[in-house]
Structures are given as structure tokens and as C-alpha cells.
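Only one structure is covered here, and it is reproduced in the block below.
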Amino acid sequence: MRGTWRAIRREGYRRRMTDDRVERVAAVLRQAGETHHAVYAIADGDDPDWATWYADWLVNLSPLGEILGATPVRSALTALLVRAAAEPADGPWDVVYARAIVAELG
């Protein structure tokens with residue numbers, strides 16, 4: 001029985017750590033979104049290659065690598081963002097994308 005409780009506590013710890021990382025990644029995504037909107041305001045926000053822009057910004061100008069424990073490969077992050085955008089959203093965009101990033105790259 002003691003081993004079971006240890007496993008449950010470990011799982012709870014992992015979940016809290018994951019939740020914390022999701023929140024931190026979501027905050028970075030919101031910052032990227034604000035920056036992207038400012039940069040592309042002149043084009044009314046239109047950017048057909050948005051995922052590449054976000055991935056480049058996230059890899060090179062944000063603390064994403066620190067949060068995840070390693071800097072993701074930009075092309076892998078771009079592909080993940082495109083896949084996440086194609087899925088039906090189950091919550092705010094930043095949290096949905098953050099969950100995908102942490103699950104796959106974290």
C-alpha cells in the first residue's frame with residue numbers, strides 16, 4: 001500500500017509541474033501573440049506563415065527553452081503549431097497550444 005501512495009504523490013507532483021509549465025508556456029505564447037499582432041498590424045494581422053514566425057520568435061527570443069528544459073528545434077515547433085491549429089480548440093488558444101508544446105516537447 002505504501003508504494004501505491006508514493007506513486008500517487010509522484011503523479012500529483014508531476015501533474016503540478018506540468019500544470020506550472022503549461023501556464024508558463026501559455027504566458028510566453030500570449031507575449032508572442034501580442035508581439036506578432038504589433039508587427040503585423042500594418043497588414044491587418046494577415047500572416048499566412050504565422051507558425052514559422054511564432055516558432056522563430058519562441059525559439060530565439062523567448063524563455064521557452066528554459067521552461068521546457070531544452071530549446072526545441074524550430075521546424076518541429078512550427079509543425080506542432082500547425083497541427084495544434086488544425087485541432088478543435090478545447091479552451092483558450094494559448095492554453096491549448098501550451099498543452100501541446102509541453103506534451104510533445106517538454
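Laboratory data are not the source of any read-out in this text; all were calculated from the coordinates shown. Quantities reported herein were computed from a predicted structural model and do not represent experimental measurements. In this analysis, Cβ positions are derived from the backbone assuming ideal geometry, glycine residues included, and neighbour counts consider all displayed protein chains.
Using each residue's phi in region 66-73, evaluate 6.51 cos²θ - 1.76 cosθ + 1.60 at θ = phi - 60° and report the 3J(HN,Hα) Karplus result to the nearest Hz, with x for Gly and Pro.
With coefficients 6.51, -1.76 and 1.60, one gets 5, 5, 7, x, 6, 6, x, 6 Hz.
Can you sort 67, 42, 101 so the residue with the fewest Cβ neighbours within 10 Å comes first?
Ascending number of Cβ neighbours within 10 Å: 42, 67, 101.
Using the count of nearby Cβ atoms within 10 Å as a rough guide to exposure, how do 104, 66 rank from fewest to most?
66, 104
Between residue 89 and residue 71, what length comes free when the chain is fully extended (0.36 nm per residue of separation minus the Cα-Cα distance, one decimal in nm)?
Fully extending the segment from residue 89 to residue 71 adds 3.9 nm.
Which far-off residues, 5 or more places away or on another chain, put their amide H under 5 Å from the one on residue 40, with H placed in the peptide plane?
For residue 40, whose amide H was placed from the backbone, there are no distant partners under 5 Å.
Could you run the Karplus curve 6.51 cos²θ - 1.76 cosθ + 1.60 with θ = phi - 60° over region 21-37 and give me ³J(HN,Hα) per residue in whole Hz, x for Gly and Pro?
5, 4, 4, 5, 5, 4, 5, 5, 5, 4, 5, 4, x, 4, 5, 4, 4
May I ask you to evaluate 6.51 cos²θ - 1.76 cosθ + 1.60, the Karplus curve with θ = phi - 60°, for each residue of region 74-85 and list the ³J(HN,Hα) values in order in whole Hz, giving x for glycine and proline?
4, 5, 5, 5, 4, 4, 5, 4, 5, 4, 5, 5
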